[in-house]
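A.B. asks: If you scroll down you'll find the structure; I have some questions about it.
The values are calculated or read from the model by the stated rules, or taken from the named source; none is laboratory data. The shown structure was predicted, so the numbers you read here are calculated from the model rather than taken from an experiment. A quick note on method: Cβ atoms are made from the backbone with ideal geometry, for glycine too, and the neighbour counts reach across all protein chains shown. Side chains are part of the model used for accessible areas, which takes the heavy atoms of the whole protein and leaves out ligands, DNA and RNA. Shrake-Rupley method; radii C 1.70, N 1.55, O 1.52, S 1.80 Å.
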Amino acid sequence: MSTLTSAHPEVVSLVNISTEKWPPRHRTYFGALEVRSPQPGEAFAITPIRPATSVMDLGDKRTMEFRLTAREIAEDIARELNSDSGEGSFHGVFVAAGLEPTEAELSDARRRLEEFNRKLVASADLEWERTKNPMFITDLERRAARQLGLDKPWLYDPKPMSECPVCAEAIKPGVAVCKSCHAILDREKAAQYGLVPAGERPRRDNTARSDASAKQDGAGK
Ligand SMILES: [Zn+2]
């Protein structure tokens, strides 16, 4: 790639430090452009941007061609990607001054991204405080918490509810006893918590007893 870029002095580098994947950007003057994301182990990814010629429609079937510099195009794409999430929005994309980003440029981008992520997490915390409903937490907020390495109760999607086979009431996954009709849904678990009446325990005939004592002998060693 370096031989390619050095052969085109007009090329600028659009740098991305976030692992976020974006759909391709579309422009009439270059079609679709895929903005690269860093691979595991990479600190950033570079998408080279070249100049392009655009056509302006002046009406009355008259058009005017004009040249867009690579920097203008790159700045436009960076602005579009960074600004789609409200005030202070930043998604880790910037245009490097040179072909390779400097350490100062990278650390500035990391600081801005972290700031924005912290803001997202704070707003998710507030929403959770108010509603305790994970439905109100956005994917962006979840990703922000993961990127910051924070564990939050709202990070987890609610598990799907199932139905009690006896009374058809919605039940949480993994429950031992239906809270509506008290049907035992998980006998083993119910027994563990002493929820199965003694008469309903599996009958201890001779085979069962010898099995159990054999196990106990094994465990006691
Ligand atoms: Zn039930």
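A.B. asks: For region 139-198, what log10 I(q)/I(0) values come out of the Debye formula at q = 0.26, 0.27 1/Å, with one point per alpha carbon and no solvent?
C.D. replies: -0.99, -1.04
A.B. asks: Continuing with this model, one more query. Quick one: pull the percent of accessible area on region 23-70 belonging to carbon and sulfur, 1.4 Å probe, ligands and nucleic acids left out.
C.D. replies: Numbers: 1790 of 3220 Å².
After summing per-atom areas, the C and S share lands at 56 percent.
A.B. asks: What would the Debye equation give as log₁₀ I(q)/I(0) for region 31-142 at q = 0.11, 0.16, 0.19, 0.21 Å⁻¹, counting only Cα atoms as equal point scatterers?
C.D. replies: Each listed q corresponds, in turn, to -0.53, -0.88, -1.06, -1.19.
A.B. asks: Next question. Would you kindly work out the equivalent ellipsoid of region 14-67 from its C-alpha gyration tensor and give its semi-axes, the square roots of five times the eigenvalues, largest first in whole Å?
C.D. replies: Calculated on Cα positions only, the semi-axes equal 33, 11, 6 Å.
A.B. asks: Using the Karplus equation 6.51 cos²θ - 1.76 cosθ + 1.60 (θ = phi - 60°), what ³J(HN,Hα) coupling, rounded to whole Hz, does each residue of region 137-149 give in order, writing x for Gly and Pro?
C.D. replies: Working through the residues one at a time gives 8, 7, 4, 4, 5, 5, 5, 4, 5, 5, 5, 7, x Hz.
A.B. asks: Could you give the size of the charge dipole of region 34-85 about its Cα centre, using +1 on the Cβ of each K and R and -1 on the Cβ of each D and E, expressed in debye and rounded to the nearest 20?
C.D. replies: The calculated dipole for region 34-85 is roughly 200 debye.
A.B. asks: Taking the Cβ-Cβ separation of Glu100 and Thr138 as r and a Förster radius of 25 Å, what is the calculated FRET efficiency to the nearest 0.05?
C.D. replies: With a Förster radius of 25 Å, E is 0.15.
A.B. asks: Also, I was wondering about something else. For a quick check of understanding: with a 1.4 angstrom probe and all protein chains in place, what accessible area in square angstrom does Asp139 have, to the nearest ten?
C.D. replies: Spelled out: Asp139, probe radius 1.4 Å, area about 120 Å².
A.B. asks: Something else about it: Could you sort out which of Lys132/Lys189; Lys132/Lys172; Lys21/Lys152; Lys21/Lys119; Lys152/Lys179 sit more than 25 Å apart by Cα distance in this structure?
C.D. replies: Over 25 Å Cα-Cα: Lys132/Lys189; Lys152/Lys179.
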